[in-house]
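Some notes on the structure that comes next.
The values are calculated or read from the model by the stated rules, or taken from the named source; none is laboratory data. What you see is a predicted model, and the numbers here were worked out from it, not measured in a lab. So basically every Cβ, Gly included, is an ideal-geometry build from the backbone, and we count neighbours across all protein chains shown. Ligands, DNA and RNA are stripped out before the accessible areas are found, and what is left, the full protein with its side chains, is counted by its heavy atoms. Shrake-Rupley method; radii C 1.70, N 1.55, O 1.52, S 1.80 Å.
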Amino acid sequence: MAEVVVARAMESHNTLLVRSANAFVAELALRDGRTAEATPWAATFDPDPILPGLRFYVPQLTLVKLLLTQNTTSSRTKARELLTRLEQYYSDTHNTRVLTDVLSWYAILEQKEGDQDNALHKLECAVVAGTRGGFIRPFVELGSEFMELLDRLEVAGDVASHVGKIHSAFNDERIGVVGRSVDVAALRTAPSGSQPLVNPLSNRELDVLDLLAQRLSNKEIAAKLHLSPTTVKRHTVNVYQKLNVHKRRDAVAKATSLGMLQDPT
């Protein structure tokens, strides 16, 4: 989809969208561990000017992630310079959501530099901002390195409660929701072709399917998976489409017949 956006943006000579879409292609490569594919993009990407992100995506943060992945003295220096500017910009524009990401990556940078105190300071600022905004997913997506740093943070009250929610969401993402009836652990690690579907369910759709089988409402599923009800509804629709059914009862029955769910009987 990102490549389609790049092509359409180039056809319409939308230079701003081309810039962001190319950066997002690099972002996807980084998330897949294909660092070599993102490196040529970084060599040509100009981080100026800093502009409001497209929704919550900021191309400059993709560059920061690549620089920290390279993890050399030079790359960390470049990352620091860019993070300092991003922190100033998103503080001045009162964009708490993006500022949370910026501060989190700043904390990771300080950790890589061996400055534990400043790493924890930036992390606390990020978590306080995240608590105000109710943000959980942005922290979970930072992975185990960030969670190890989060374990060292000493906070209290609402912030401590929010840190607990982040840990819970991260653990659910890593090992699956406790009490599931679907063997998601096997389906997650197995090749996608091993699923008995032409269009296999994603990891998150497997989570939703399991909770549908437990007869949870969309609101309850949203709370369990730390998602919005709208996102849960979208995942549910995707599950129905991939299973070629129209109701949750039919989805559970179909998945059970395909061996994706354990027969409750």
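Can you list residue pairs whose Cβ atoms sit under 7 Å apart, with the first residue in region 15-27 being of a type in the set (Phe, Trp, Tyr) and the second being open to solvent by less than 50 Å² (accessible area, probe 1.4 Å) and not in a helix (DSSP H, G or I)? Count only pairs 6 or more apart in sequence or on different chains.
If the second residue must be open to solvent by less than 50 Å² (accessible area, probe 1.4 Å) and not in a helix (DSSP H, G or I), the pairs left are Phe24/Tyr57.
For region 1-33, what are the residues that are closer than 16 Å to Leu68 by Cβ and outside any helix (DSSP H, G or I)?
Answer for region 1-33, where residues must be closer than 16 Å to Leu68 by Cβ and outside any helix (DSSP H, G or I): just Gly33.
Name the residue, out of Gln70, Gln88, that is modelled with pLDDT under 95 and open to solvent by 60 Å² or more (accessible area, probe 1.4 Å).
Just a single option satisfies the conditions, and that option is Gln70.
Gly143: in contact with a helix residue (DSSP H, G or I) (Cβ under 6 Å, 6 or more places away or on another chain) and of a type in the set (Gly, Ala, Ser), yes or no?
no
Is at least one residue of region 52-66 open to solvent by 20 Å² or more (accessible area, probe 1.4 Å), assigned to a loop (DSSP other than H, G, I, E, B), touching a residue at least 12 places away in the same chain (Cβ under 8 Å) and over 28 Å from Ala129 (Cα atoms)?
Scanning region 52-66, I find no residue that is open to solvent by 20 Å² or more (accessible area, probe 1.4 Å), assigned to a loop (DSSP other than H, G, I, E, B), touching a residue at least 12 places away in the same chain (Cβ under 8 Å) and over 28 Å from Ala129 (Cα atoms), so the answer is no.
Taking the conditions exactly as written (open to solvent by less than 70 Å² (accessible area, probe 1.4 Å), among the basic types (Lys, Arg) and touching a Phe, Trp or Tyr at 6+ places or on another chain (Cβ under 9 Å)), does Arg76 satisfy them or not?
Considered against the rule, which asks whether it is open to solvent by less than 70 Å² (accessible area, probe 1.4 Å), among the basic types (Lys, Arg) and touching a Phe, Trp or Tyr at 6+ places or on another chain (Cβ under 9 Å), Arg76 comes out as no.
Is it true that Ala26 is hydrophobic (A, V, I, L, M, F, W, C) and either buried (at least 17 other Cβ atoms within 10 Å of the Cβ) or modelled with pLDDT of 95 or more (or both)?
Yes: the conditions hold for Ala26.
Of all residues in region 223-255 being of a type in the set (Val, Ile, Thr) and without any contact (Cβ under 8 Å) to a residue 40 or more places away in the chain, which is most open to solvent (accessible area, probe 1.4 Å)?
Ranking the qualifying residues of region 223-255, first place goes to Thr230.
Determine whether Ala185 is closer than 28 Å to Val163 by Cα and modelled with pLDDT under 80.
Judged against the criteria, Ala185 is a match.
Within region 41-58, can one find any residue that is of a type in the set (A, V, I, L, M, F, W, C) and under 22 Å from Leu123 (Cα atoms)?
Checked region 41-58: at least one residue is of a type in the set (A, V, I, L, M, F, W, C) and under 22 Å from Leu123 (Cα atoms).
Given the options Arg97, Arg137, Arg85, name the one that is farther than 15 Å from Val58 by Cα and touching a residue at least 24 places away in the same chain (Cβ under 8 Å).
One residue alone meets the criteria, Arg137.
Restricting to region 134-174, what's the tally of residues that are assigned to a helix (DSSP H, G or I) and surrounded by 13 or more Cβ atoms within 10 Å (Cβ to Cβ)?
Qualifying residue count, region 134-174: 21.
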